[in-house]
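Shown next, in structure tokens, is the structure this report addresses.
The values are calculated or read from the model by the stated rules, or taken from the named source; none is laboratory data. Note that the structure is a prediction, hence the values are computed from the model and not measured. When we count neighbours, we look across all protein chains shown, and the Cβ atoms used for this are built from the backbone with ideal geometry, even at glycine.
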Amino acid sequence: MRSVLSPLARVAAFIAAVATVLMMVHVTVAVFMRVGFNEPLLGTIEVVSYFYMVAAVFLGIFTAAWQNAHIRVDVLANLLPARVRRVTDLLAEMITLAFFLCFGWGLWRTALTKTRQGEEVDAIFAHLTVWPARWLAVAGLVLAAAAVVWRLGRMLVGADTHEAAEGLVIDDEEATR
């Protein structure tokens, strides 16, 4: 599973980063055109919200899940004995998995409906087909759920779960230096 998810996470991180840069450039050009030349760049809101943001957010969710980099507040958990902390960590992973699966299922149902309808938005200059972006969101959450399943499996056999981060996650002591 790692041999599949690790390269996918790198590709997802790259695509999310590219989408973020494109979003910044697109919005900057739109503002420059509107303020500098009184010529709005038509369709900016639609392209940014239906494509760039979806890629950045949902592929980013998968990347963060794979790297075990989601925000966690573990001040109280660090005070617990190791065995209790292991149980709370397992419980947290199971809740995360349930969230990803429920959210992904809801997005899948919406994506299926919107695909059948051939969802488009009026971007002033043309009708912009947006249903494919809904599947990108589904893919991001399915991959995030797979990353959590992988980590849960490693936790259950007592293996290191920070291995997936490939050096990108720092522990509390390293962060305070």
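Observations on the structure shown:
- Some residue of the range 109-122 being closer than 24 Å to VAL4 by Cβ and modelled with pLDDT of 90 or more: yes
Results for (1) polar (S, T, N, Q); (2) touching a helix residue (DSSP H, G or I) at 6+ places or on another chain (Cβ under 7 Å), shown as yes or no for each residue.
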{"site": "SER3", "(1), (2)": "yes, no"}
{"site": "SER6", "(1), (2)": "yes, no"}
{"site": "ALA16", "(1), (2)": "no, yes"}
{"site": "VAL25", "(1), (2)": "no, no"}
{"site": "ASN38", "(1), (2)": "yes, no"}
{"site": "THR44", "(1), (2)": "yes, yes"}
{"site": "ILE71", "(1), (2)": "no, no"}
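- Cross-chain or 6+ apart pairs with Cβ under 8 Å, the range 130-153 first and farther than 17 Å from VAL54 by Cβ and in contact (Cβ under 8 Å) with a residue 12 or more places away in the chain, then in a helix (DSSP H, G or I) and of a type in the set (Phe, Trp, Tyr): ALA145/PHE100; ALA147/PHE62; ALA147/TRP66; VAL148/PHE100
- Where helices (runs of 4 or more DSSP H) fall wholly inside the range 1-85, the ranges with 3 or more residues that are closer than 30 Å to GLY153 by Cα are 2-37, 60-66.
- Flag if ARG10 is surrounded by fewer than 16 Cβ atoms within 10 Å (Cβ to Cβ), of a type in the set (D, E, K, R) and at pLDDT 95 or above: yes
- Residue satisfying condition, being of a type in the set (A, V, I, L, M), touching a residue at least 12 places away in the same chain (Cβ under 8 Å) and closer than 21 Å to PHE103 by Cβ, within set ALA77, ALA69: ALA69
- For first residues located in the range 102-117 and among the polar types (S, T, N, Q), partners that are buried (at least 17 other Cβ atoms within 10 Å of the Cβ) and lie 6+ apart or on another chain with Cβ distances below 7 Å form the pairs THR110/ARG134; THR115/TRP131.
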